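Report on the structure given below.
The values are calculated or read from the model by the stated rules, or taken from the named source; none is laboratory data. All of these numbers come straight from a predicted model, not from anything done at the bench. Note that each Cβ is placed from the backbone with ideal geometry, even for glycine, and that neighbours are counted across all protein chains shown.
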Amino acid sequence: MKICIFGASSATIDQSYISAVESLAEKMARRGHSLVFGAGATGVMGAAARGVKRGGGFIHGVIPEFFREEGVEKIYPECDLLTFTETMAQRKTMMEDLADAFIIAPGGIGTLEEFYEVITLKQLGRHNKAVAVYDLNAYFRTLEKFMAEMAQKQFLAEECRQMYKYFTDEDELLGYIEGYVPRNFSPRALKKVD
């Protein structure tokens with residue numbers, strides 16, 4: 001299975017996030033899965049790549065050309081396949097299309113954008129893939145409270161909160177992805193269209 005991991009590229013985050021994602025990714029590879037990711041060499045992205053490499057898995061990095069040209073981000077040098085896109089939007093679309101499942105690891109605004117995009121696309125019936133949120137150190141606790149508030153105030157259908165699941169344990173997370181059974185959601189019902 002091709003699993004996309006979204007997460008921080010920052011090299012200054014706490015080492016506990018780096019270690020946990022490396023461990024998850026190594027285990028993921030040892031269980032026969034490959035990685036699709038944003039091709040970064042640092043932060044959570046770099047950790048995912050190093051873990052998969054250590055586990056003997058295949059790594060497909062996807063990154064905009066201007067990142068290389070302008071030195072925006074260090075590219076992980078040991079990708080088995082590296083694809084350059086023209087834009088950030090093309091990068092996201094390619095990762096979304098290639099992936100069979102998604103793991104949302106701690107990250108910043110780019111990671112949140114990726115999370116919301118895969119959930120929005122699932123809500124609209126454009127895919128029905130597993131979405132697992134790796135809630136290390138309760139990083140996503142405030143986000144989940146906000147999602148619950150959106151549902152309580154009718155800005156989000158409660159069923160949308162069933163389209164992803166939170167995990168703190170790497171084995172439970174991988175088990176969820178491997179055993180995921182797609183549910184049928186009605187985009188009209190989720191959007192509460194009359």
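Below, the figures for the structure above:
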| quantity | calculated |
| --- | --- |
| Matching residues, segment 28-51, being under 19 Å from Glu96 (Cβ atoms) and under 14 Å from the mean Cα position of the chain (by Cα) | Met28, Ser34, Leu35, Val36, Phe37, Gly38, Ala39, Gly40, Val44, Met45, Ala48, Ala49 |
| Tally of residues being crowded, with 22+ Cβ neighbours inside 10 Å and either assigned to a loop (DSSP other than H, G, I, E, B) or over 15 Å from the mean Cα position of the chain (by Cα) (or both) across segment 6-17 | 3 |
| Residues that are over 20 Å from Glu73 (Cβ atoms) and part of a strand (DSSP E or B), drawn from segment 18-56 | Ser34 |
| Helices (runs of 4 or more DSSP H) wholly inside segment 111-194 containing at least 2 residues that are surrounded by 11 or more Cβ atoms within 10 Å (Cβ to Cβ), modelled with pLDDT of 95 or more and touching a strand residue (DSSP E or B) at 6+ places or on another chain (Cβ under 6 Å) | 170-178 |
| Matching residues in segment 57-110 - criterion: being of a type in the set (Gly, Ala, Ser) and either surrounded by 15 or more Cβ atoms within 10 Å (Cβ to Cβ) or in a strand (DSSP E or B) (or both) | Gly57, Gly61, Ala99, Ala101, Ala105, Gly107, Gly110 |
| Only one of Ala132, Ala157 that is in contact (Cβ under 8 Å) with a residue 24 or more places away in the chain, of a type in the set (A, V, I, L, M, F, W, C) and farther than 25 Å from Ala47 by Cβ | Ala157 |
| Residue satisfying condition, being β-branched (Val, Ile, Thr) and in contact with a Lys or Arg (Cβ under 8 Å, 6 or more places away or on another chain), within set Thr83, Thr42 | Thr42 |
| Subset of segment 160-184 (residues that are β-branched (Val, Ile, Thr) and either without any contact (Cβ under 8 Å) to a residue 60 or more places away in the chain or over 16 Å from Ile119 (Cβ atoms) (or both)) | Thr168, Val181 |
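Residues checked against (1) closer than 30 Å to Arg183 by Cβ; (2) in contact with a Gly (Cβ under 6 Å, 6 or more places away or on another chain); (3) basic (Lys, Arg):
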site	(1), (2), (3)
Ala47	no, no, no
Ala89	yes, no, no
Gly107	yes, yes, no
Ile119	yes, no, no
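Matching residues to (1) closer than 17 Å to Gly108 by Cβ; (2) modelled with pLDDT of 95 or more:
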residue: Ile18; (1), (2): yes, yes
residue: Lys27; (1), (2): no, yes
residue: Glu65; (1), (2): no, no
residue: Lys74; (1), (2): yes, no
residue: Cys79; (1), (2): no, yes
